[in-house]
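Written below as C-alpha cells is the structure these notes are about.
The values are calculated or read from the model by the stated rules, or taken from the named source; none is laboratory data. For clarity, every value in this text was computed on a predicted model and none was experimentally measured. Note: ideal-geometry Cβ built from the backbone for every residue, glycine included; neighbour counts use all protein chains shown.
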Amino acid sequence: MKKPRLQTEFKKSAPGSSTSAPHLTVVIPAYNEADALAEFLPRVAAACGEHNWRLVVVDDGSTDRSMAVLMQIHAQHRQLEVISHKVNRGYGAALKSGLAHVTTSYAITIDADGQHRIEDIQRLLTALQRTNADLVIGSRSQEATKDGYRRLGKAIIRGLARLLITLNIQDLNSGMKLYRTELVKRYLHLCPNSMAFSDVITLLFVHQRHRVVEEPISINPRQTGSSTISTLTAVDTVLEIMHIVMLLDPQRIFLPAAMVCFAFGLVWGLPIVLMGRGVSVGAMLAIVTGLVLLALGLLAEQLALIRRQTSLTALDYQVTLAPGSEESNSANPSEISAITADTCGDID
C-alpha cells in the first residue's frame with residue numbers, strides 16, 4: 001500500500017538575510033528558567049535583532065520569576081514575543097504553541113537553559129541552504145552527554161526507533177532543530193505535549209520522506225538549574241514512539257509479533273505431530289495467537305489509514321487560512337496570552 005506523502009512547494013529564499021523581511025523565527029520553550037533566561041536571552045535577542053530574525057519565547061506556566069525576567073527583557077528588545085501558558089502543559093505543548101505562532105518561512109527551536117550556542121543557528125541555516133533540507137537537526141556528539149545512564153537511555157530509544165522505522169539519525173531528541181515552517185505545522189497535532197516531542201517530530205519527517213539532515217553542533221554546560229529529564233521521561237518517549245508507529249505503520253509492531261508466535265507454535269508442535277502424539281494445545285494456542293495478531297495488524301492498518309487521510313484532509317483546509325488567523329492557531333486562546341512588539345499588557 002502506497003503511503004500518502006505531503007506535496008508542498010517552497011520558495012527558494014535566503015533565510016537569515018537582514019536586508020529583507022524576516023525569514024526565520026527562533027522559538028524557545030521555557031519552564032522555571034529565570035536565571036538562565038536572564039543571562040542567555042538578551043544575547044539571543046541581540047542576535048535576532050542583528051540578523052532580522054523573529055524571537056518567540058513560550059513560558060510554560062513557570063512558578064519562578066521567569067515571566068518577570070521576560071517582561072524586563074521585552075522592555076529592552078521589543079522584537080521579543082512571549083506566549084504564556086496559564087498552567088504547565090509540557091515541553092512539547094510549549095513548542096507546539098510557539099511553532100503554531102510562527103509566520104516566517106523557517107523556524108528553529110532551542111532550549112532556554114543556555115546550552116545551545118547562538119553561532120550554531122547560522123550553522124544550521126547554512127546546512128539547510130546547502131542540502132535543501134526540510135529539517136536540520138543540531139547533532140550533539142556522544143561525549144556531550146557525560147551521564148552514562150542518560151547515554152544508555154538515549155541509545156535504547158534510538159535503537160527502538162530504528163527497529164520500528166527506517167532511521168539513520170544519530171541525535172534523535174536534540175532540542176535544536178531547524179524546520180520549514182509549513183511542514184512542521186502540518187504535524188503539530190500528531191506530536192505529544194511531553195519531552196517526546198523532539199523524537200516524534202523527527203520520526204514524522206523521516207516517515208513522510210522529507211529530507212532530514214544532521215549538522216554537528218557544540219553545546220555549553222548548564223550554568224544554572226537542573227535538568228527535568230528522568231527515567232519516566234524515557235518511558236514516556238518509548239510509549240509515544242510506539243503510539244506514532246501505530247499511526248504510521250502498525251504492521252511494524254503486529255507482523256513481527258505474529259510471526260514469532262506462529263513460528264514458535266510450528267517449532268513446538270510439529271515434532272509432536274510427527275511422533276504421532278497428537279496436537280499440542282500450547283502449540284495450537286501459539287499459532288492461533290499469531291493469526292489473531294496478524295488480523296489485528298491488518299485492522300490497525302486500515303484504521304491508521306483512515307486517521308491519516310482524515311488528518312490530511314483537515315490540514316488541507318487549515319493551511320489555506322491566513323497566517324496568524326484564529327482558526328489556524330492550534331494553541332488554546334483561553335490558556336495562552338501573548339506580548340508582541342507593539343503591545344505589552346498584563347499576563348493572565
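Taking the criterion of being among the polar types (S, T, N, Q) and modelled with pLDDT under 80, the residues of the range 198-238 that qualify are Gln223, Thr224, Ser226, Ser227, Thr228, Ser230, Thr231, Thr233, Thr237. The sole residue among Ala133, Ala94, Ala46, Ala38 that is in contact with a His (Cβ under 9 Å, 6 or more places away or on another chain) and more than 19 Å from Gly175 (Cβ to Cβ) is Ala46.
Any residue at all in the range 13-25 that is of a type outside the set (Phe, Trp, Tyr), out of contact with any Ser or Thr (no Cβ under 6 Å at 6 or more places or on another chain), modelled with pLDDT of 95 or more and not in a loop (DSSP other than H, G, I, E, B)? No: zero hits.
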